[in-house]
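Report on the structure given below.
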Amino acid sequence: MNFSNKHVILGVALLAAIGFTSCKNEAKQETETPTTEVSQELAMADLSFGVRGNCGMCKSTIEKAANGVEGVASANWDVDKKKIDVTFDDTKTDAMAIHNAIAASGYDTEKATGDLDAYENLPGCCKYDHDMEMNQSGDMKAEDHTNHDG
Ligand SMILES: [Cu+2]
């Protein structure tokens, strides 16, 4: 009896350890924002919106376009969620300028349609589906599109 109890405890501890490591990514964002940065954050605006795209090359193109806008401090596009997080100085630029810059690089955003000439010049793997859903949850990818016959 004691022997098997130990195994159960060991198993639970192992599961807990796995659970903690898989949560690391989510917890990271919170710990990265120390309270000492508050004064700096006051001048910066955070913005999230949907951007269509396929892959890592799309990510670099999209982020490069966003970072090319004066006043943008950081841009991070999520390939699974089809969504970009941008931090920018709202005394230097505004949300629409960022939408337009990304659209000019060929990518659709929630508010701006991607430039078609730029889209045509994208690498084949980056020619995303114009019907692609934006702002996906990231973990429900297979749920909505189960019948890909392609
Ligand atoms: Cu791509």
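The values are calculated or read from the model by the stated rules, or taken from the named source; none is laboratory data. All figures in this text were calculated on a predicted structure; none of them were measured in a lab. No Cβ is skipped: glycine too gets one built from the backbone with ideal geometry, and neighbour counts run over all protein chains shown.
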What's the total number of residues in region 54-82 that are in contact (Cβ under 8 Å) with a residue 24 or more places away in the chain, within 16 Å of the ligand (Cβ to nearest atom) and either surrounded by fewer than 20 Cβ atoms within 10 Å (Cβ to Cβ) or hydroxyl-bearing (Ser, Thr, Tyr) (or both)?
9
If I ask for residues that are closer than 20 Å to Met57 by Cβ and either at pLDDT below 95 or surrounded by fewer than 13 Cβ atoms within 10 Å (Cβ to Cβ) (or both), which ones from region 110-132 would you list?
Leu116, Asp117, Glu120, Asn121, Pro123, Gly124, Cys125, Asp129, His130
Quick count over region 83-111, residues being touching a residue at least 60 places away in the same chain (Cβ under 8 Å) and more than 18 Å from Leu122 (Cβ to Cβ), is 2
Having 1 or more residues that are modelled with pLDDT under 70 and of a type in the set (S, T, N, Q) is the bar; report the helices (runs of 4 or more DSSP H) wholly within region 1-106 that clear it.
2-22, 24-31, 38-42
